Amino acid sequence: MRFIFKTDYDQDIRIFKHSGYWYSYSILLLVLAMAPFVLGNYLQSQLVFVFIYATVGISLLILVGFTGQASLGHAAFLAIGAYTSAYCQQHGVPFVVYFPLAGILTGMVGVLVGFPALRLQGIYLVIATISFGAIVEEILARWESVTHGNEGMKLRTLELFGQAVPRDSPGFYFLCLAVLILVILATLNLLRSPTGRAFVAIRDSETAAKSMGIDVAAYKVRSFGISATITGLAGCLYAHKLSFISPEMFTLLLSIEFIIVIIIGGIFSLHGAVLGAIFIVMIDPFLTTLKDDLPGMIGNLVHVFGADVPTASKVQDQAASIASAPGLKGAIYGLIIVGFILFEPTGLYGRWLKIKLYFQTFPMYKAATFKRQKTYVKSERNR
Amino acid sequence: MSFLVAENISLQFGGLKAVDQVNFAVERGEIFTIIGPNGAGKTSIFNLISRFYNPTSGRLFFDGEEFTSAPPHRIAKMGIARTFQNIELFDNTTVLSNLLVGRHCHATTNLVQELLFLPAVRRAEFEHRFRVEQVIELLDLEPYRDKLISGLPYGVRKVIELARALCSEPKLMLLDEPSSGLNVEETDDMSFWIRDIRDELGITVLMVEHDMNLVSRVSDRVLALNYGRELATGTPSEVQSHPEVVAAYLGT
Ligand SMILES: Nc1ncnc2c1ncn2[C@@H]1O[C@H](COP(=O)(O)OP(=O)(O)O)[C@@H](O)[C@H]1O
Ligand SMILES: [Mg+2]
């Protein structure tokens, strides 16, 4: 186990608390830097999606994990960023202008959503953000002069300083990686300054936050704004990655995927957003393979266990019809969320911490280390 | 004018008068205690001063300035800090970050500076941390600095709440039942700290307390309430022997 002897306030302020982090993150960065030259096109593409999802995950962590608000409307923020980029590109605006613009514009919408959200809590806030998402979807479909309605919009190859950056080039990969890293660094900075602490304070006790001089309403709005800005930036990259966007890509299901990212990854740490993003990006091809191969496997299995060929093929057909049933993906997502909330509420990152502690303290690990010891009643009234 | 003045304040919840035409004035440097049976309206008075509730009528003054309609987040900046009867800490963070939140009313940096963590932010963080460390030392909280609140015992939480309030460097401290739930030793410590806060830091204290032993040991003056109405004000012994107060506590 590592014991850190502190002699300086800076040791608690630093992003990397001790030298061990420097090594592990340098190695990670090195691996990521080499990846596009080693990996095939498909895996590189998957990694780009991981970066984009992780960026959105971070934005959600700020709003949900740290400020304690709720949102099932982040697909709409992503859409606003994506459409802003597509529209600007079609009108000859360069990337260096429309990329920040996508963030700023989405951030302003986020602030506008934040104001009505001040009066809402819990499930009501969830419903409000769902409605916001639905409204944006509707606007995208109807406002044809700008969005081309259901026909969608095509994006040309991204151009950065006169250089074409195709969506499956290493250049695009590094752009997305850089955006993710910068977003993570900015968020870490925020969390170690008064604003970040105010967010956490609001999450844990609005009453106490108010009494410590935190303008709860202003900070909630700020949190919505920051979160939306980051998602808007991610939206720009997302649009370029897909090269085609249309309203039906930014539905509630996408917002749910984003929520899954942070629930599965872990809601108390930025690591969670990245782990969750890896999970969600990898599960999709996994589910597709499963959908294609599982019925055949089941059929074979039934056959092996003694059923005759017609019965086996009947079972196989049935399995196939279940596997291709509409809404199955949503159901599986639902199961995953429920499973994690019940059995692993701190997410993958929480699990990782437990495993790490187990090895650090090896023979002495106590099974109850992470059990909540005792909780005290908090009343709704300001007693 | 006195330091904190409540002028005819009333607070009504539906038909219930939680606070009914109460007047009191706390002098600078005083330890002023509000006593009264459960439901007398003591916490409600604190919530009025914290501006969580709007008084139905009456006015409030602090340091010569009226704040009857100030927004709640202005109160800390004016120099009024408080603790809560049922501990309101930020449970999922460390003691240190709880105390740093206490410094929020002294935050000077803006969002852009913070996102980039410019040198100004780092300097401000050092300053906040220095002040926090002074409070940690005063209240003997060194062993808990990096602990999560959710794992700490009740008595320690009570002290941390006091510490968090002190970190805002208040001029007036509102303590809502500082000794409730504490054992004899912890109550003793608390009474010393309350005196220290006043004597060494020069902070005026307004508190709500049930433990009459503690009340008579530390308070200069006492206000007794019942059903939201003022029964008596005076020195601890005067109030304790006041016939109406005795009646209110023993039942008539
Ligand atoms: N938010 C509220 N809504 C309705 N009634 C309240 C509220 N807060 C306090 N009360 C009532 O006001 C009265 C005074 O409460 P309180 O000030 O908490 O008493 P205490 O003197 O024990 O601190 C009680 O009868 C309580 O039930
Ligand atoms: Mg009370």
Percent of accessible area on the protein assembly as shown owned by carbon and sulfur, 1.4 Å probe?
62
Nearest-20 debye value, segment A:285-369 charge dipole, Cβ charges on Lys, Arg, Asp, Glu:
520
List the relative contact order of segment A:285-369 as a percent without decimals, with contacts defined as Cα pairs under 8 Å and 6+ residues apart.
21
Return the single residue from B:THR235, B:THR33, B:THR83 with maximal mean-square fluctuation; model: Gaussian network over chain B, springs between Cα atoms under 10 Å.
B:THR235
Starting from the 7 Å offset along Cα-to-Cβ, what nm value, one decimal, do you get for the label separation of A:TYR42 and A:TYR21?
3.7
Most packed first (mean Cβ within 10 Å per residue), the peptides A:108-117, A:219-228, A:78-87 order as A:78-87, A:219-228, A:108-117
Which whole-Hz couplings ³J(HN,Hα) result when phi for each residue of segment A:10-17 is put into the Karplus expression 6.51 cos²θ - 1.76 cosθ + 1.60, θ = phi - 60°, listed in order with x for Gly and Pro?
4, 5, 8, 8, 3, 6, 9, 6
Among the aspartates and glutamates, select those whose C-alpha is under 19 Å from the C-alpha of A:LYS241, and discard any that sit fewer than 8 residues away in the same chain.
A:GLU151, A:GLU159, A:ASP168, A:GLU257, A:ASP284
Taking amide H positions as placed 1.01 Å from N in the peptide plane, with prolines and chain starts having none, which residues 5 or more places from B:PHE84, or on another chain, fall under 5 Å of its amide H?
B:ASP176
If amide H atoms are modeled at 1.01 Å from N in the peptide plane, then the residues at a separation of 5 or more from A:GLU159, or on another chain, having amide H under 5 Å from its own are A:PHE95, A:VAL165
Relative contact order for chain B, counting Cα pairs under 8 Å that sit 6 or more residues apart, in percent
28
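If you average the sequence gap of Cα pairs under 8 Å that are 6 or more apart and divide by the length of chain A, what percent do you get for the contact order?
Details: 490 pairs, mean separation 97.6, N = 383.
Rounded, it is 25 percent for chain A.
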Based on alpha-carbon positions alone, could you give the equivalent ellipsoid semi-axes of chain B from the gyration tensor, as √(5λ), descending, whole Å?
32, 21, 16
Skipping prolines and chain starts, which residues have an amide H placed within reach, meaning under 5 Å, of the one on B:GLN21, given they are 5 or more residues away or on another chain?
B:SER10, B:LEU11
Cα long-axis angle, helix B:119-138 against chain B (0 to 90 degrees, to the nearest 10)
50
DSSP-defined antiparallel bridges as percent of all bridges, chain B, nearest 5
55
Relative to the isolated chain, which residues of segment B:73-99 have their accessible area cut by 50 Å² or more in the presence of all protein chains (1.4 Å probe, heavy atoms, no ligands or nucleic acids)?
B:HIS73, B:ASN86, B:GLU88, B:PHE90, B:ASN92
³J(HN,Hα) computed for each position of segment B:151-164 - Karplus, 6.51 cos²θ - 1.76 cosθ + 1.60, integer Hz, glycine/proline x:
x, 9, x, 4, x, 5, 4, 4, 5, 5, 5, 4, 4, 4
To the nearest 0.05, how large is the calculated FRET efficiency for A:MET34 and A:MET282 if R₀ is 25 Å and r is the Cβ-Cβ distance?
0.80
Probe 1.4 Å, accessible area per residue of the protein assembly as shown, Å²:
47
Classified through the alpha carbon gyration tensor (a ≥ b ≥ c as square roots of its eigenvalues; rounded if a/c is under 1.5, else prolate when a/b is larger than b/c, else oblate), chain A comes out rounded
Could you tell me the total accessible area buried at the B-A interface, probe 1.4 Å, in square angstrom to the nearest hundred?
4000
Do the alpha carbons of any pairs in B:LYS77/B:LYS147; A:LYS354/B:LYS147; A:LYS356/B:LYS147; A:LYS291/A:LYS314; A:LYS210/B:LYS158; A:LYS154/A:LYS220 sit beyond 26 Å of each other, and which pairs?
B:LYS77/B:LYS147; A:LYS154/A:LYS220
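Tell me the mean residue ellipticity at 222 nm calculated for the protein assembly as shown from its helices only (DSSP H runs of n ≥ 4, each -39500 (n - 2.57), averaged over every residue, nearest 500).
Values: 26 runs with 368 residues, N = 635.
Dividing the helical sum by the residues of the protein assembly as shown leaves -18500 deg cm²/dmol.
The values are calculated or read from the model by the stated rules, or taken from the named source; none is laboratory data. Note that the structure is predicted; figures quoted are calculated from it, not measured. Here the Cβ is made from the backbone with ideal geometry for all residues, glycine too, and neighbour counts use every protein chain on show. Note: accessible area is taken over every heavy atom of the protein model, side chains too, but ligands, DNA and RNA are not part of it. Shrake-Rupley method; radii C 1.70, N 1.55, O 1.52, S 1.80 Å.
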